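Before any comments, here is the structure.
The values are calculated or read from the model by the stated rules, or taken from the named source; none is laboratory data. Just so we're clear, the structure is a prediction, and the values are computed from it rather than from any experiment. Every residue, glycine among them, receives a Cβ derived from its backbone with ideal geometry; neighbour counts consider all protein chains shown. Just the protein is used for accessible areas: all its heavy atoms, side chains included, with ligands, DNA and RNA removed. Shrake-Rupley method; radii C 1.70, N 1.55, O 1.52, S 1.80 Å.
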Amino acid sequence: MGEQSALDLDEAPFWRALMRITTALPRALEDQFLPETGLAITDYGVLVALSEAPDRLLRISALATTTGLSLSRISRVVDDLTRRGLVEKRKCAEDGRASNAVLTGAGLAKLEAAYPSHLARVRASVFDHLSAEDVRTAGPVLARLAAALDTAPPTDDC
């Protein structure tokens, strides 16, 4: 990689603000969300991903990709959610080495119960500070940044 130029006068404050958001926002959401719901923000994201999947089931590797978590982290989260009865872990019929995560009825009920708290936190932390125009403008920009970080999802889903 060649020598890179320093961030310019527009890039530097943008980068600093983005770094502040990526570190402070999850903590701000978690501080109230966990005591109110019994779910960490990561748990909530996993439950949402499973609730939106066909048959509320995703291969563990696909769940990692969907949530942006590493395979080792998603395995720990799924194991914890399984112990709590919110998710079931099943062997993949097509590949005995792989496992699927399935949202249970209790997991769906926990997700639905946590939604109002999550919505309140997201509105208070983000959307209450933005205009509709800000959201329309920033949404596609953030989506491009997120897409640039995504890895290709597995194609051998069970």
* Structure fact -> HN-Hα couplings for the range 95-107 via Karplus (6.51, -1.76, 1.60; θ = phi - 60°), in whole Hz with x for Gly/Pro, come out as 8, x, 7, 9, 10, 10, 10, 10, 6, 8, x, 5, x
* Considering only protein heavy atoms, with the full assembly of protein chains and a 1.4 angstrom probe, order 78, 48 by accessible area, largest first. => 48, 78
* Set the Förster radius R0 to 25 Å, insert the Cβ-Cβ distance between residue 88 and residue 115 as r into 1/(1 + (r/R0)^6), and round the FRET efficiency to 0.05. => 0.75
* Sum up the charges of everything whose Cβ sits under 14 Å from the Cβ of residue 141, counting Lys and Arg as +1 and Asp and Glu as -1, but leave residue 141 out. => -2
* Asked: Under the Kirkwood approximation applied to all pairs of distinct alpha-carbon atoms, what is the hydrodynamic radius of the range 79-158 in Å?
  -> 16.2
* Could you tell me the distance between the Cα centroids of the range 58-75 and the range 34-49, to the nearest Å? => 15
* What relative contact order, as a whole-number percentage, does the chain give when Cα pairs under 8 Å and 6 or more residues apart are counted? -> 24
* Structure fact -> Rounded to the nearest whole number, the Stokes-Einstein translational diffusion coefficient of the chain at 20 °C and 1.002 mPa s (Kirkwood radius, C-alpha pairs) in µm²/s is 121
* **In order through the range 52-68: 3J(HN,Hα) via Karplus (6.51 cos²θ - 1.76 cosθ + 1.60), integer Hz, x for Gly, Pro** => 8, 7, x, 6, 6, 9, 9, 5, 4, 5, 5, 5, 4, 4, 4, 8, x
* Span per principal axis, largest first, for the Cα atoms of the range 7-86 (Å) -> 49, 29, 22
* To do: Let me know the longest stretch in the chain that avoids all GluC sites (Glu not before Pro) found in a DSSP loop with at most 13 other C-beta atoms within 10 Å.
  => 4-93
* **Sequence-separation-based contact order of the range 1-69, relative, with Cα cut under 8 Å and 6+ spacing, percent** => 17
* Structure fact -> So, for the Cα atoms of the range 64-104, Rg and Dmax in Å stand at 10.2, 27
* **Surface share of carbon and sulfur [accessible, 1.4 angstrom probe, percent] for the range 39-120** => 54
* Structure fact -> Given unit charges at Cβ for Lys, Arg (+) and Asp, Glu (-), the dipole magnitude of the chain about its Cα centre in debye, nearest 20, is 560
* Structure fact -> In the range 58-158, the trypsin sites (Lys or Arg not before Pro) that sit in a DSSP loop and have at most 13 other Cβ atoms within 10 Å of their own Cβ are 97
* Can you give the accessible area per residue of the range 21-103, in Å², using a 1.4 Å probe? -> 52
* **Rounded to whole Hz, the Karplus (6.51, -1.76, 1.60) HN-Hα couplings of the range 109-125, x for glycine and proline** => 5, 5, 4, 4, 5, 7, 4, x, 5, 4, 4, 4, 5, 5, 5, 5, 8
